[in-house]
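Encoded as structure tokens, the structure appears first; notes follow it.
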Amino acid sequence: PAETLKVAVASNALKAVSEVAARFKKGTGNTILISAGSTSKLYTQILQGAPFDIFLAANEHEPAVLEQKNLVLAGSRFTYAVGQLALYSKTPGLFGANGEEYLRQGHYQRLAIANPDTAPYGNAARQVLEALQLWKGAQAKLIRGENIGQAFNYVYTGNASAGFVAWSDVKQQPGGAVGSIWRVPQKYYSPLRQQAVILRRTSNPHLARQFIDFLRSKPMLELLKDDYGYGME
């Protein structure tokens, strides 16, 4: 009989993991129920006893802490993707390779970022602005999303002139990657090693391992890389 897994997924990976889950269901008949949100909030829910089987984070910190707390199955933690940060605007020609200069000029009215205290991509955006010595000066113009998906929506709907978003969201927008895009050089922020763990509380460790094995298979890793723009270790 078909079975079900509950998977907590960082917002940036929602579309990608949804496609992986659909392919998994097609091949096995088993359903993946996805709950998406910022990594920090999902982590808090896990600590409070949320009945997730698997956690797919946007960084390596929370999965590592869960492992230290003995809340994950031994040997299950691995990096399934390396996130890429991008500065994005729907307006073509606003910037490109000159994204840094655009930020320094400060001509934007509102700049969207994910909450840097709860979302790894938001923390990466803060690191970029700090590296450019622009963090303090940008405060009055920042609009903070609860997660990176919300930050992207602020830009996509025109509520922000530009924003720091996940490259995967830009790559997957309807019509393709159009507008102004600056893929932020890695030197400006810590690598976003997105890690997965199987939670010890899972009631179906066999199926959880089956899904993780499917996620880390060559076809799925190529899907994440080629279709969604993630880096790989």
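The values are calculated or read from the model by the stated rules, or taken from the named source; none is laboratory data. Here the structure is a predicted model, which is why all the values come from computation and not from measurement. We place every Cβ from the backbone using ideal geometry, glycine too, and count neighbours over all the protein chains shown. SASA here: full protein model, heavy atoms, side chains in, ligands and nucleic acids out. Shrake-Rupley method; radii C 1.70, N 1.55, O 1.52, S 1.80 Å.
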Q: Please list the non-local residues whose amide H lies under 5 Å from the amide H of Arg200, H modeled 1.01 Å from N, same-chain partners needing a gap of 5 or more.
A: Val72, Leu73
Q) Leaving out ligands, DNA and RNA, what percent of the accessible area of the range 49-169 is carbon and sulfur, probe 1.4 Å? A) 44 percent
Q: Of the listed pairs Lys41/Lys90; Lys41/Lys171; Lys136/Lys187; Lys41/Lys69, which have alpha-carbon separations greater than 27 Å here?
A: Lys41/Lys90
**Q.** the range 155-218: trypsin sites (Lys or Arg not before Pro) in DSSP coil with no more than 16 other Cβ atoms inside 10 Å
**A.** Arg200, Arg201, Arg216
(Q) Please report the spacing between the Cα centers of the range 33-52 and the range 178-233 in Å, no decimals. (A) 17 Å
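Which percent of the accessible heavy-atom area of the range 171-233 goes to carbon and sulfur, probe 1.4 angstrom?
49 percent
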Q.
Given a 1.4 angstrom probe, what's the average accessible area per residue across the range 93-216, in square angstrom?
A. 46 Å²
Q: With springs only between Cα atoms under 10 Å apart, run a GNM on the chain and tell me which of Asn159, Asn59, Asn147 wobbles the most.
A: Asn159
Q) When only DSSP loop residues count, what trypsin sites (Lys or Arg not before Pro) in the range 54-91 have their Cβ near at most 14 other Cβ atoms within 10 Å? A) Lys69
**Q.** Dipole in debye (nearest 20) - the chain, about Cα centre, beta carbon charges: Lys, Arg +1; Asp, Glu -1
**A.** 140 debye
Q.
Within 10 Å of each candidate Cβ there may be at most 13 other Cβ atoms; applying that plus a DSSP loop requirement, which GluC sites (Glu not before Pro) in the range 1-87 survive?
A. Glu3
